[in-house]
Amino acid sequence: MLDLLPDLCDEHGDEVEILAPIFKDYGAAQTFWGQAVTVSCKEDNSKVRELLATPGTGKVLVVDGGGSLRRALMGDQLAALAIENGWAGLIINGAIRDAGAISDMALGVKALATCPMKTEKRGVGEIDVPVTFAEVTIKPDDYIYADINGVLVAREPLTHHSF
């Protein structure tokens, strides 16, 4: 298994920010990276579905669910949609469901916790806005790097010998 983040921090320490270590790994792909696409939505995953239905090659969906654990912002159906459309992974400031199924899927998924309750679909949320959680602000088009050591944010793409 690749310990990507320690190497990136050693090489680019002044250029990066690290999210507070509040996330758990749920997907089978524990190391992933890509350009951030952001969405802010609380207890409604309509915008998450909308984004995951678009081409996501080279991208990581960053979902700010306000830290709510009352509703799951992604389950196995949306994870399958993400894989189908080439997304590298998701960082979710909120909950997911279907954790057993997602653990076998080739997708990077970091979230706060699990919750079996699905969201209401009201179509609310904002896409491509700066989001702030885990002590870092992530802007659309920032670069996200994640592994079992945590989540790193950079304003520009980073180079590393193991990519």
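The values are calculated or read from the model by the stated rules, or taken from the named source; none is laboratory data. Predicted, not measured: the structure shown is a model, and the values here were computed from it. Every residue, glycine among them, receives a Cβ derived from its backbone with ideal geometry; neighbour counts consider all protein chains shown.
Taken over region 40-49, the residue count meeting the criterion of being touching a Lys or Arg at 6+ places or on another chain (Cβ under 7 Å) and part of a helix (DSSP H, G or I) is 1.
Which members of region 40-67 meet the condition of being farther than 16 Å from TRP87 by Cβ and either at pLDDT below 95 or touching a Ser or Thr at 6+ places or on another chain (Cβ under 7 Å) (or both)? Listed by number, the residues that qualify are LYS42, GLU43, ASP44, ASP64.
Identify, please: which residue in region 131-152 is of a type in the set (Asp, Glu) and under 15 Å from LEU8 (Cβ atoms) and is, among those, surrounded by the fewest Cβ atoms within 10 Å (Cβ to Cβ)? Please lay out each step first, then the result.
The first filter runs over region 131-152 and keeps only residues of a type in the set (Asp, Glu), leaving 135, 141-142, 147.
With under 15 Å from LEU8 (Cβ atoms) added as a condition, the list becomes 142, 147.
Working: ASP142: 21, ASP147: 23.
Here the answer is ASP142.
When the residues of region 1-12 are narrowed to those that are of a type in the set (A, V, I, L, M) and buried (at least 16 other Cβ atoms within 10 Å of the Cβ), which ends up nearest to ASP64 (Cα to Cα)?
Filtering region 1-12 for residues of a type in the set (A, V, I, L, M) gives 1-2, 4-5, 8.
If we keep only those that are buried (at least 16 other Cβ atoms within 10 Å of the Cβ) too, we end up with 4-5, 8.
Working: LEU4: 24, LEU5: 22, LEU8: 24 Å.
That would be LEU5.
For region 31-47, how many residues meet the condition of being closer than 22 Å to THR137 by Cα and over 11 Å from the mean Cα position of the chain (by Cα)? First the steps, then the outcome.
If we filter region 31-47 for residues that are closer than 22 Å to THR137 by Cα, which is where we start, we get 31-45, 47.
Next, only the ones that are over 11 Å from the mean Cα position of the chain (by Cα) stay: 31, 40-45, 47.
Adding up the residues that qualify gives 8.
Quickly run through region 111-158 and pick out the residues that are aliphatic (A, V, I, L, M), under 12 Å from ALA36 (Cα atoms) and out of contact with any helix residue (DSSP H, G or I) (no Cβ under 9 Å at 6 or more places or on another chain). If the condition is that a residue be aliphatic (A, V, I, L, M), under 12 Å from ALA36 (Cα atoms) and out of contact with any helix residue (DSSP H, G or I) (no Cβ under 9 Å at 6 or more places or on another chain), then VAL129, VAL131, ILE138, ILE144, VAL153 are the ones that fit. The set of residues in region 64-74 that are crowded, with 23+ Cβ neighbours inside 10 Å and either farther than 15 Å from ALA134 by Cβ or free of Cβ contacts under 8 Å to residues at least 60 places away in the same chain (or both) comprises GLY65, ALA72, LEU73, MET74. Within region 13-39, being in a helix (DSSP H, G or I) and either modelled with pLDDT of 95 or more or crowded, with 18+ Cβ neighbours inside 10 Å (or both) holds for no residue. Annotation: of all residues in region 5-30 being over 13 Å from the mean Cα position of the chain (by Cα) and charged (D, E, K, R), the one that is nearest to VAL63 (Cα to Cα) is GLU17. Scanning region 82-130 for residues that are β-branched (Val, Ile, Thr), in contact (Cβ under 8 Å) with a residue 40 or more places away in the chain and either outside any strand (DSSP E or B) or surrounded by fewer than 20 Cβ atoms within 10 Å (Cβ to Cβ) (or both) turns up ILE102, THR114, THR119, VAL124, ILE127, VAL129.
List pairs: first in region 50-62 and assigned to a helix (DSSP H, G or I), second of a type in the set (Phe, Trp, Tyr), Cβ under 8 Å, 6+ apart or cross-chain? The qualifying pairs are LEU52/TRP87.
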